[in-house]
1. Could you check segment 5-19 and list, in sequence order, the residues that are free of Cβ contacts under 8 Å to residues at least 24 places away in the same chain and in contact with a helix residue (DSSP H, G or I) (Cβ under 9 Å, 6 or more places away or on another chain)?
2. Write out, first by first residue and then by second, each pair whose Cβ atoms fall under 8 Å of each other, whose residues are 6+ apart or on separate chains, and whose first residue, in segment 49-77, is closer than 15 Å to Met36 by Cβ while the second is in a loop (DSSP other than H, G, I, E, B) and hydroxyl-bearing (Ser, Thr, Tyr).
3. Go through (1) more than 20 Å from Gly4 (Cα to Cα); (2) at pLDDT below 95; (3) of a type outside the set (Gly, Ala, Ser) one by one and return the number of the condition Asn68 breaks.
4. Tell me, yes or no, whether segment 23-43 has at least one residue that is surrounded by 14 or more Cβ atoms within 10 Å (Cβ to Cβ), under 23 Å from Glu7 (Cα atoms), of a type in the set (S, T, N, Q) and touching an Asp or Glu at 6+ places or on another chain (Cβ under 6 Å).
Amino acid sequence: MHHGYEEPVYLISVVAKVLTIHPQTLRQYEREGLVMPSRTDGKMRLYSQRDIDKIKMIQRLTRDLGVNLAGVDIIMQLKDKIDEYETLIEGLRNEISGLSKKSTQTKNPLVKHKNSYEIILFGE
């Protein structure tokens, strides 16, 4: 069975076992606002693959780089802001590209490349 990236399907016990993390740690991440799993009608936490990837990033930052949870929160907020700006920039590039195609004065497009970022964390 294939689930969507953002579809909440994993119980806290499954996530804890797969990531070798204590369920209380996952609850702490939720209290800190770092991960917000969905809830069933019975209030059980359900995590999506996006949540799991976020938790993996939190683990890398805290375990491998020694960042505290306040620092993790700031890093994640900055990453979200960068993603938002990249989406805006891409939309503007598409708009400019469309305008340059309409123009008969120029043969070269105004937008030639797209820069992107990725957070890379190196382990030992």
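1. Within segment 5-19, Ser13, Ala16 meet the criteria.
2. The qualifying pairs are Gln49/Tyr5; Arg50/Tyr5.
3. Single failed check for Asn68: (2).
4. Checking segment 23-43: not a single residue is surrounded by 14 or more Cβ atoms within 10 Å (Cβ to Cβ), under 23 Å from Glu7 (Cα atoms), of a type in the set (S, T, N, Q) and touching an Asp or Glu at 6+ places or on another chain (Cβ under 6 Å).
The values are calculated or read from the model by the stated rules, or taken from the named source; none is laboratory data. Computed from a predicted model, the values in this text were never measured in an experiment. Every residue, glycine as well, gets a Cβ built from its backbone with ideal geometry; the counts of neighbours run over all protein chains shown.
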